[in-house]
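The structure under discussion appears below in the form of structure tokens.
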Amino acid sequence: MAIVVFTGGTIRVDGQQPDIDRLVVVDGVVVDDAHPVSSDAEHVDLDGGLLLPAFGDGHAHPLLAGRERTGPALRDAARVAEIVERVREWAAASDAAWLVGGSYDATIVEGGLFDARWLDDAVPDRPVVLHAWDYHTVWVNSAALRAAGVDADTPDPALGRIVRRADGSPSGTLIERPAIDLVLDHAPRPSLAADVEALAAATAALAAHGIAWVQEAWTETPDVPAWIAAARAGRLAVDVDLALRADPTRWPAQLDELRKTAAQVSAAPGLTCRTVKFFVDGILENHTAHLLECYHDARTRGLPNWRPDQLVDAVAACDAAGFDVHLHAIGDAAVRAALDAAEGIRESLRRGRRLTIAHAQVVDPADLPRLADLDVTFCFQPQWAMADDVMTELTLPRLGPHRERQYRMRAARDAGARLSFGSDWPVTSPDVLVGLRTAVTRQDAAGRPAGGWQPDERLTLSEAIDAATSGVAHQAGDHATRGTLRPGMRADLVWLDRDVRRGPADRIADARIRGTWRRGIRTYTAPVPEPAAV
């Protein structure tokens, strides 16, 4: 019997009960404080810090994040020339037939549209594919276009777009998955061994941020063997649920494939496959999010992936097959379609099925009252709820002043939605503490703007912690076993070096993760700081 006793700090059980100062864990489960403690029990001194239920990440892409490690770091590049030079160095050091990497900041070029010829200067003879930070857009060189046979005569695929020059030739920017796959379908897949290493590194990084469970929010069937291999080898530092992507071009025939794939995962430890992912629309920054009214800067309402009636039927079919549902919905028309689909399985939701609407960036005010009668979770990415360069340079010009209300966490919660938090890593960092700070302040790291961006949508810190812990556990369908520190719950724990509730909100992210436990087993230990120089 393994017994661990935590003392010497403050322990938050949940958002309702008073804090405690002692927690006993037996064989990975929280027990009543009166449980006898043997002489060989392990004791952890919290050193004045705060012990919380471990964080969850309700929407992330660890495999994509892990794969990024094999290419150059591009996110901080502020000029095209910097990216090109890093790609040149990458190509010189690699003999790979294709160079596939990411992810670059789309705001450094007007409109987020990049030209193949800029990459040709660095790598003229091999295909290069770079994902934008949003993973809904790629920038490719001319060799990649040639290898894929994409030219002026290639039509835009259904649900995708090839950005073109004035003469009709492809410029080098491809928008949304069907267009991206015109090129990537010709690239070799990473090896199983490489993907296992990517998953090991990515999940270790999640554990270092205090995370014990993650929703992998986009899984293609060919990716599943790597997940199973990593789980069976004990290489996953967090528990993971895979959300298999529903493909509107292959629906409903695809449902049988999803059932068979999920069955393969059932025997892998720490890994489940309980969810189907729907991309209801795209993103605002490339005009593919689905809006009720035209974009402010373009005569289009976006590029919906599913007809509303088709989505209702598909969600109902997934529910009947025993799957929970996870819907990417950015625009207000997409959010409305997602809520319509939730209406279709209302009785299942009342019986415990889970339906999550991820992002919910723009919600029409008329749809907020519907949340009172629908047991749905809104999974927000709190780090997006601020006026950064993406918001000011790309997003707001697309929406216009009459639709600037976004990421309405307070309004959604007050209307009756359950809230969970996710990072959408690698789109943004999996640093939960940064997300908590942003949810509470609606400011960037420098405290801008004063008073917060759309400050009436701020959450309290207690509400934000709940969204990152019990809210994610409820989204996962695991609220009876994780997400709080009541007796009988799994000992998924995160130890912070300070009680972030007792300091200024703008300093929340200054706290340090000192340890993470999954089912009572320590998955992360902070390195001991170097002694100060004398």
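Details
- Evaluation of Ala372 against (1) of a type in the set (A, V, I, L, M, F, W, C); (2) under 21 Å from the mean Cα position of the chain (by Cα); (3) open to solvent by 40 Å² or more (accessible area, probe 1.4 Å) (one fails), failing number: (2)
- Selection within region 384-410 - open to solvent by less than 30 Å² (accessible area, probe 1.4 Å) and either out of contact with any helix residue (DSSP H, G or I) (no Cβ under 7 Å at 6 or more places or on another chain) or in a helix (DSSP H, G or I) (or both): Met391, Leu394, Thr395, Arg398, Leu399, Gly400, Arg403, Gln406, Met409
- Of Gln310, Gln264, all but one fail to be closer than 22 Å to Ala158 by Cβ, of a type in the set (S, T, N, Q) and surrounded by fewer than 23 Cβ atoms within 10 Å (Cβ to Cβ); the exception is Gln310.
- Subset of region 294-313 that is hydrophobic (A, V, I, L, M, F, W, C), touching a residue at least 24 places away in the same chain (Cβ under 8 Å) and out of contact with any Phe, Trp or Tyr (no Cβ under 8 Å at 6 or more places or on another chain) - its residue that is nearest to Pro397 (Cα to Cα): Ala298
- Filtered residues of region 389-431 (kept if closer than 25 Å to Ala132 by Cα and among the acidic types (Asp, Glu)): Asp389, Glu393, Glu404, Asp424, Asp431
- Residue that is touching a Pro at 6+ places or on another chain (Cβ under 7 Å) and closer than 22 Å to Arg507 by Cβ, where the choices are Gly435, Gly447: Gly435
- All conditions but one from (1) outside any helix (DSSP H, G or I); (2) open to solvent by 50 Å² or more (accessible area, probe 1.4 Å); (3) of a type outside the set (A, V, I, L, M, F, W, C) apply to Arg413; the one that does not is (1).
- Residues that are within 11 Å of Val224 (Cβ to Cβ) and of a type in the set (A, V, I, L, M), drawn from region 239-262: Leu242, Leu244, Leu258, Ala262
- Filter pass, Val4 being crowded, with 18+ Cβ neighbours inside 10 Å and without any contact (Cβ under 8 Å) to a residue 24 or more places away in the chain: no
- Restricting attention to region 80-117, the residues that are open to solvent by 40 Å² or more (accessible area, probe 1.4 Å) and closer than 19 Å to Met391 by Cα add up to 3.
- Tallying residues that are farther than 26 Å from Arg250 by Cβ, open to solvent by 30 Å² or more (accessible area, probe 1.4 Å) and part of a strand (DSSP E or B) within region 132-180 yields 1.
- Residue in region 277-293 that is touching a residue at least 60 places away in the same chain (Cβ under 8 Å), hydroxyl-bearing (Ser, Thr, Tyr) and outside any strand (DSSP E or B) present: yes
- The listed residue being assigned to a loop (DSSP other than H, G, I, E, B) and basic (Lys, Arg), out of Arg75, Arg88, Arg117, Arg67: Arg75
- Screening the candidates Ala207, Ala243, Ala212, Ala233 for the property of being modelled with pLDDT of 95 or more, open to solvent by 10 Å² or more (accessible area, probe 1.4 Å) and either of a type outside the set (Asp, Glu) or under 27 Å from Leu339 (Cα atoms) (or both) yields one hit, Ala233.
- Wholly enclosed strands (runs of 3 or more DSSP E) of region 316-382 bearing at least 1 residues without any contact (Cβ under 8 Å) to a residue 24 or more places away in the chain and closer than 27 Å to Cys294 by Cβ: none
- Top-ranked residue in region 101-118 [being in contact with a Gly (Cβ under 7 Å, 6 or more places away or on another chain) and among the hydrophobic types (A, V, I, L, M, F, W, C); ranked as modelled with the lowest pLDDT]: Ala106
- The residue of region 18-43 that is nearest to Thr516 (Cα to Cα), among those that are modelled with pLDDT of 95 or more, open to solvent by 10 Å² or more (accessible area, probe 1.4 Å) and β-branched (Val, Ile, Thr), is Val29.
- Per-region count, region 282-301, residues of a type in the set (Gly, Ala, Ser) and surrounded by fewer than 24 Cβ atoms within 10 Å (Cβ to Cβ): 1
- Selection within region 181-204: residues that are in a loop (DSSP other than H, G, I, E, B) and closer than 22 Å to His61 by Cα. The member of this set that is least open to solvent (accessible area, probe 1.4 Å) is Ala187.
- Selected residue [open to solvent by 20 Å² or more (accessible area, probe 1.4 Å), at pLDDT 95 or above and in a loop (DSSP other than H, G, I, E, B)] from Gly48, Gly15: Gly48
- Near pairs, Cβ below 9 angstrom, 6+ apart or cross-chain, from region 491-508 (farther than 28 Å from Pro449 by Cα) to any residue that is part of a helix (DSSP H, G or I) and of a type in the set (Val, Ile, Thr): Val494/Val432
The values are calculated or read from the model by the stated rules, or taken from the named source; none is laboratory data. Just so it is clear, the model here is predicted, and its values are computed rather than measured. Neighbour counts are summed over all protein chains in view; Cβ atoms, including those assigned to glycine, are modelled from backbone coordinates with ideal geometry. The protein model used for the area step is the full one, side chains on, heavy atoms only, and it has no ligands, DNA or RNA in it. Shrake-Rupley method; radii C 1.70, N 1.55, O 1.52, S 1.80 Å.
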